[in-house]
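Below: one structure, written as structure tokens.
Each reported figure results from applying straightforward, stated rules to the coordinates on display, with no laboratory input. The model shown is predicted, which means the values in this text are computed figures rather than measured ones.
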Amino acid sequence: MAASDTFACPSSADGAEPVVCERFDALGFDGKHARLGIMGGTFDPIHVGHLACAEQVRDVFELDGVVFMPAGDPWMKRGRGVSDAEERFAMVKAAVADNPRFDASRLEIDRAGATYTVDTLRALRAHYPDNVELYFISGADAVQHILEWRDAAELSRLARLVAVTRPGYELGDARRRYMRTHAAIRDVSVIEVTALAVSSTDLREKVRSGRSVRYLVPPVVADYIETHGLYREDA
Ligand code: ATP
Ligand code: MG
């Protein structure tokens with residue numbers, strides 16, 4: 001694309017609220033090819049498993065950045081009392097602050113009602129020019145659900161789907177089963193990441209029973225959990 005074909009990023013005006021996130025809103029608006037990863041999740045709380053996966057996928061696909069997208073109202077987790085979206089967002093923002101290739105987005109938490117990944121990817125696709133490729137990253141457990149969704153074929157048109165391995169979850173079978181029945185979907189890239197058998201469920205349980213989560217979450221997240229009294233029996 002010639003320089004004269006580039007167009008202004010909608011949120012780059014002084015004082016404007018970011019559309020996607022502060023660090024990557026202008027990505028691709030210079031007309032250069034760029035790759036952006038999106039890591040969706042509840043992040044209740046964000047932990048080293050999320051961060052290490054995102055970093056390894058970023059490295060493998062040479063992504064310009066990864067945006068972590070905390071879910072506003074995760075419909076599949078209703079009834080389990082997910083922590084306040086602002087608290088989950090604050091922990092994600094703090095966890096990625098020291099990495100210029102990572103950022104956190106308020107897109108889903110600022111949207112009213114349930115969170116659907118397809119709506120998020122449509123919003124990202126509408127924001128970024130065509131020279132920005134989107135990579136939607138999810139773990140072996142989450143990708144199985146995604147592949148069963150009604151919108152799976154559209155999802156795979158909007159973004160390249162990247163599934164990362166996760167201890168305790170088998171990727172192969174669900175993927176093969178799915179491929180047989182849904183020819184419309186583009187292939188899912190499977191990336192073997194260093195196994196870290198950490199989960200937010202386990203971390204919440206640890207905090208609840210007074211055990212340490214040090215080294216399983218970034219220090220700023222451990223501090224946040226303690227200062228705000230998250231996940232405690234009486235919280
Ligand atoms: P919870 O136990 O509350 O479900 P979680 O640890 O699974 O929490 P989520 O916020 O549900 O974290 O996950 C966000 C994304 O990160 C999902 O795609 C999930 O598969 C992936 N993920 C989470 N932990 C790991 C891990 N240790 N290894 C690989 N992928 C992971
Ligand atoms: Mg999960």
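Going by amide H atoms built from the backbone, whose H comes under 5 Å of the H on GLU133, apart from near neighbours?
Amide H neighbours of GLU133: ALA34, ARG35, LEU36.
If you take the square roots of the eigenvalues of the alpha-carbon gyration tensor of the stretch 61-169 and sort them as a ≥ b ≥ c, do you get rounded (a/c under 1.5), prolate (a/b over b/c) or oblate? Don't skip to the end; give the middle numbers.
Values: a/c = 1.27, a/b = 1.07, b/c = 1.19.
It comes out rounded by the Cα gyration axes.
For VAL190, list long-range residues whose amide hydrogen, built 1.01 Å from N in the peptide plane, is under 5 Å from its own amide hydrogen.
Those qualifying (amide H under 5 Å, at least 5 residues apart or on another chain) are ALA163.
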